[in-house]
Amino acid sequence: MREKTSSQLWTGRFSEATDSFVEQFTASEHFDRRLFRHDIRGSIAHARMLHKIGVLSAAELDAIVNGLEAILTDIERGDFAWLPELEDVHMNIEKRLTDRIGDAGKKLHTGRSRNDQVATDVRLFLRDAIDEITAELVRFQRGLVELADRQAETIMPGFTHMQVAQPITFGHHMLAWYEMLVRDQERLADCRKRVNVMPLGSAALAGTSFPIDREFTARELGFERPSRNSLDAVSDRDFAIEFVSACALIMTHLSRMAEEMILWASPILGFIELPDRYCTGSSIMPQKKNPDVAELVRGKTARVHGHLVALNTLMKGQPLAYNRDNQEDKEPLFDTIDTVRDSLHAFADMVPNMQVHASRMYEAARKGFATATDLADYLVRKGVPFRDAHEIVGKAVRYGVEKDKDLSDMTLEELRQFSQTIDADVFTVLTLEGSVAARNHLGGTAPAQVRAQVALARERLAQFD
Ligand code: ARG
């Protein structure tokens, strides 16, 4: 039988010590220590509230606040011995506080449980993480908008089914990415509202018999409001699932962007070149410049998607209220935060600094009969029904494939074999410039529309200065 040790904070009803394997198996301090700032912040607010309602004297409050602040400094300096036998961040800090200040430290946990404490810590932590991720999202958006402005007139092939479809402007493509990121930012802002609710005061599951002032604590911690149901508040991890879900979609977007950049950077297309400082070489093939950062972002998408499944699965079988299962929420959550923040950081630096090879894009757009729809639209404007126009242009394209000639390279006589309705004015619509300029309506690819959207985006982004 192992002797009970004095360091554990709940040994009163136990007659033997925890098995050493169990001690390690149940400990979370090696990962949840990341919550230390938020744990201390929550404890200080709780202590102030206990003083306000008369549970702590002014001297006790002072001792607790000074003690916690000293511990904060110690941890930040790396001068704190984390003990696995104290299980988690909460008990490591509380035990250290009591060691430092004596009995006042033992009063801190009045009217509180680790169940509402950990839920509060995680929400405070996540609120900061959302703000950091949002800042990276905004930085990336700004880079894309300025790139779009510089490349508003640059013509590239637009694809559907990865086949050349119609000419588009590169600026328009960059603004498509921007739109994805705007939705991501909105989702995070919406998620933040539900993160910003305070469980503290729910205690273990049923509330506490002390006359606590939860509005006071919520104000101290910057929460929107206290939670309304103690059972729900200690067990709920919806806010974490929502957050990881929003992040999974961010990663899906970054992964799609990565895929496009990887394709564009292949010498076969040669549309772009990624900055050297964001690429790596091959140990065997001297000519290689590999888009590893983009590939890794695409790869890291998998782990965030995995974390979303993990968290949903973690919760699906849990009865009310708190269960120890919930300790498993932290590693997926922390890794999601790190992965998304770093991926956004990388793209915010890399993407706006890619080199755009406009002539390669232009040549590719010329090769794929990208203005075929423009020719059909031209015929329609001259009175040909669209389905007939489609057929006529299809034949012209087949002829072009045989002769290896783009529509804009055919003579008027060649084109008139397919329809007598075609006149000399056709050549203005067959050029790539004419084609993109013609799509001049809200949402269209015309350079004028790109500029208009850039102006709106700049206005929107100014609010985050
Ligand atoms: N380390 C725990 C967690 O992360 C803290 C709460 C533990 N509560 C308990 N009654 N065992 O969830």
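The values are calculated or read from the model by the stated rules, or taken from the named source; none is laboratory data. Note that the structure is a prediction, hence the values are computed from the model and not measured. All Cβ positions, glycine included, derive from the backbone under ideal geometry; neighbour counts span all protein chains shown.
Summary of computed values
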quantity	calculated
From the options MET198, MET174, residue that is closer than 30 Å to THR371 by Cβ and aliphatic (A, V, I, L, M)	MET174
Pairs with Cβ under 6 Å, 6+ apart, first in the range 405-418 and free of Cβ contacts under 8 Å to residues at least 60 places away in the same chain, second aliphatic (A, V, I, L, M) and in a loop (DSSP other than H, G, I, E, B)	LEU412/ALA424; LEU415/ILE422; ARG416/ILE422
Hits in the range 352-374 - residues which are surrounded by 18 or more Cβ atoms within 10 Å (Cβ to Cβ), hydrophobic (A, V, I, L, M, F, W, C), out of contact with any helix residue (DSSP H, G or I) (no Cβ under 6 Å at 6 or more places or on another chain) and part of a helix (DSSP H, G or I)	MET361, ALA364
Residue match in the range 49-63 (condition: on the phi < 0 side of the Ramachandran plot, in contact (Cβ under 8 Å) with a residue 60 or more places away in the chain and within 16 Å of the ligand (Cβ to nearest atom))	no
Failed item in (1) at pLDDT below 95; (2) farther than 27 Å from TRP264 by Cα, with THR431 passing the rest	(2)
Residue match in the range 139-150 (condition: of a type outside the set (Val, Ile, Thr), more than 20 Å from GLU260 (Cα to Cα) and part of a helix (DSSP H, G or I))	yes
Residue match in the range 110-117 (condition: away from the ligand (no atom under 14 Å from the Cβ), of a type outside the set (D, E, K, R) and in a helix (DSSP H, G or I))	no
In the range 120-131, residue nearest to the ligand (Cβ to nearest atom) [restricted to those that are in contact with a helix residue (DSSP H, G or I) (Cβ under 6 Å, 6 or more places away or on another chain) and not hydroxyl-bearing (Ser, Thr, Tyr)]	ASP121
The range 198-222, subset more than 18 Å from PHE239 (Cα to Cα), away from the ligand (no atom under 16 Å from the Cβ) and of a type in the set (A, V, I, L, M, F, W, C), residue farthest from the chain's Cα centre (by Cα)	PHE210
Which numbered condition VAL384 fails, given (1) more than 43 Å from the chain's Cα centre (by Cα); (2) buried (at least 17 other Cβ atoms within 10 Å of the Cβ); (3) part of a helix (DSSP H, G or I)	(3)
Every pair of residues 6+ apart whose Cβ atoms lie under 6 Å, when the first sits in the range 78-96 and is closer than 20 Å to ALA119 by Cα while the second is of a type in the set (Phe, Trp, Tyr)	VAL89/PHE36; ASN92/TRP82
Residue satisfying condition, being over 30 Å from GLY394 (Cβ atoms) and either in contact with a helix residue (DSSP H, G or I) (Cβ under 6 Å, 6 or more places away or on another chain) or surrounded by fewer than 13 Cβ atoms within 10 Å (Cβ to Cβ) (or both), within set GLN420, GLN453	GLN453
Subset of the range 153-201 [surrounded by fewer than 21 Cβ atoms within 10 Å (Cβ to Cβ) and of a type in the set (Gly, Ala, Ser)]	GLY158, ALA165, ALA176, ALA189
Checklist (1) out of contact with any Cys (no Cβ under 7 Å at 6 or more places or on another chain); (2) within 27 Å of THR313 (Cβ to Cβ); (3) assigned to a helix (DSSP H, G or I) applied to GLU242, failing item	(1)
Failed condition for LEU432, given (1) of a type outside the set (S, T, N, Q); (2) in contact with a Phe, Trp or Tyr (Cβ under 8 Å, 6 or more places away or on another chain); (3) surrounded by fewer than 16 Cβ atoms within 10 Å (Cβ to Cβ)	(3)
Qualifying residues in the range 73-100 (those that are β-branched (Val, Ile, Thr) and away from the ligand (no atom under 14 Å from the Cβ)) - the one farthest from TRP10 (Cα to Cα)	THR73
Tally of residues being away from the ligand (no atom under 13 Å from the Cβ), part of a helix (DSSP H, G or I) and more than 18 Å from GLY143 (Cα to Cα) across the range 316-351	6
